[in-house]
Amino acid sequence: MTVVAPMVIWESKRLRLRLVYFAAAVIMGWGGIAFSLVYPQYYLSTPWVVASLILCAVTAVSLIQALIYGGIKSLALLPLILLQLIAMYQYAVNVATEYMLIPYPNPSSYLVYPMMYLLIIGALSLLAMSIWVKPRRSVLIGYAIGAIFGALVAVPMYQLLAYNRFMQSIMGEVVAMGLGILAPPSYLPMLSIVMGIYVFSFVVMLARSLSGEPIIGFYALAALIFIGTAFAVHALSIYFIAAMTAAAALANSSKAWPRQGIQANDSPADAVGE
């Protein structure tokens with residue numbers, strides 16, 4: 001994401017505050033890597049916390065822009081935008097309660113299920129949007145293959161975890177150690193569906209890369225690396241940068257949806273959005 005995101009944001013010529021997003025992506029993405037070499041605990045310092053809150057606000061503005069620029073079609077993006085806004089609200093609450101020691105009720109435990117539902121609904125909305133622009137047959141074949149692999153991951157895990165409290169407790173530790181995802185055992189059946197969506201998305205990105213959209217392949221590589229290095233200490237900034245990048249691509253591509261495809265003069269961000 002630190003490599004691909006700045007490039008996609010830079011190519012988003014039609015998006016306001018493009019240079020601000022680009023600078024934020026470069027400084028926060030590569031800044032964390034540089035600071036970790038000289039100051040491993042940089043992410044607990046006051047300047048970094050303040051910078052993260054600013055990045056959080058910039059991300060919220062980019063998401064709102066994506067929603068506005070998309071017009072009526074942007075309703076398909078609403079679940080994912082709400083998801084990101086809730087996540088950023090949680091971050092602000094965590095900073096206030098854990099870093100600044102301000103007494104404030106933390107709503108995180110009540111938001112896990114709503115956030116998972118928003119993620120699933122948003123993924124289905126984006127899938128419907130992608131099919132609506134009439135993708136090539138090779139891409140549709142990739143969607144079908146991705147659905148098969150996603151189901152092979154999600155269905156057995158869901159059946160294993162849905163009614164077995166013992167396996168939920170065991171897999172809770174496995175998921176935490178293997179992927180860096182901390183979740184109560186009772187949430188793991190829903191998390192298995194999310195993991196199936198992740199696998200489906202990865203296969204689809206590979207299919208689109210092989211069918212003539214190489215920049216999507218870089219996103220697939222970034223996704224693969226990120227899921228394997230979930231303990232990166234500057235991961236929070238990558239979350240925000242990923243949200244800004246997706247918003248930039250979607251805000252640009254929303255103007256291209258009625259054209260039923262990618263034109264020769266489209267930017268890479270248009271291709272990513274579509």
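The values are calculated or read from the model by the stated rules, or taken from the named source; none is laboratory data. Keep in mind that what you see is a predicted model, and the values were worked out from it rather than measured. Every residue, glycine as well, gets a Cβ built from its backbone with ideal geometry; the counts of neighbours run over all protein chains shown. The protein model used for the area step is the full one, side chains on, heavy atoms only, and it has no ligands, DNA or RNA in it. Shrake-Rupley method; radii C 1.70, N 1.55, O 1.52, S 1.80 Å.
Things to note:
- Set side by side, the residues V93, V49, V133, V61 differ, and just one is β-branched (V, I, T) and open to solvent by 30 Å² or more (accessible area, probe 1.4 Å), which is V61.
- Residue match in the range 59-69 (condition: without any contact (Cβ under 8 Å) to a residue 12 or more places away in the chain and either farther than 23 Å from L119 by Cβ or in contact with a Ser or Thr (Cβ under 8 Å, 6 or more places away or on another chain) (or both)): yes
- Any hit, the range 32-42, residues being surrounded by 14 or more Cβ atoms within 10 Å (Cβ to Cβ), touching a Phe, Trp or Tyr at 6+ places or on another chain (Cβ under 8 Å) and under 27 Å from L124 (Cα atoms): no
- Filter result for A183 (surrounded by 13 or more Cβ atoms within 10 Å (Cβ to Cβ), in a loop (DSSP other than H, G, I, E, B) and at pLDDT below 90): yes
- Which listed residue is at pLDDT 90 or above and surrounded by 16 or more Cβ atoms within 10 Å (Cβ to Cβ), from A147, A207: A147
- All helices (runs of 4 or more DSSP H) inside the range 1-105 with 1 or more residues being of a type in the set (K, R): 18-38
- If you filter the range 67-90 down to residues that are open to solvent by less than 50 Å² (accessible area, probe 1.4 Å) and modelled with pLDDT of 80 or more, you find that the one that is farthest from T245 (Cα to Cα) is Q90.
- Matching option when the condition is in contact with a helix residue (DSSP H, G or I) (Cβ under 6 Å, 6 or more places away or on another chain), open to solvent by 40 Å² or more (accessible area, probe 1.4 Å), within 29 Å of V61 (Cα to Cα) and of a type outside the set (A, V, I, L, M), among F226, F218: F218
Residue-by-condition table, conditions (1) over 19 Å from P6 (Cβ atoms); (2) among the hydroxyl-bearing types (S, T, Y):
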| position | (1), (2) |
| --- | --- |
| A51 | no, no |
| C56 | no, no |
| L63 | no, no |
| Y69 | yes, yes |
| A76 | yes, no |
| P79 | yes, no |
| M88 | yes, no |
| Y91 | yes, yes |
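- Checking each residue of the range 152-167 against the condition of being touching a helix residue (DSSP H, G or I) at 6+ places or on another chain (Cβ under 9 Å), among the small types (G, A, S), in contact (Cβ under 8 Å) with a residue 24 or more places away in the chain and assigned to a helix (DSSP H, G or I) gives at least one match.
- Test: residue in the range 189-196 that is crowded, with 20+ Cβ neighbours inside 10 Å, part of a helix (DSSP H, G or I), at pLDDT below 65 and not charged (D, E, K, R): no
- Selection from the range 120-153 of residues that are among the hydroxyl-bearing types (S, T, Y) and over 26 Å from Q84 (Cβ atoms): S138
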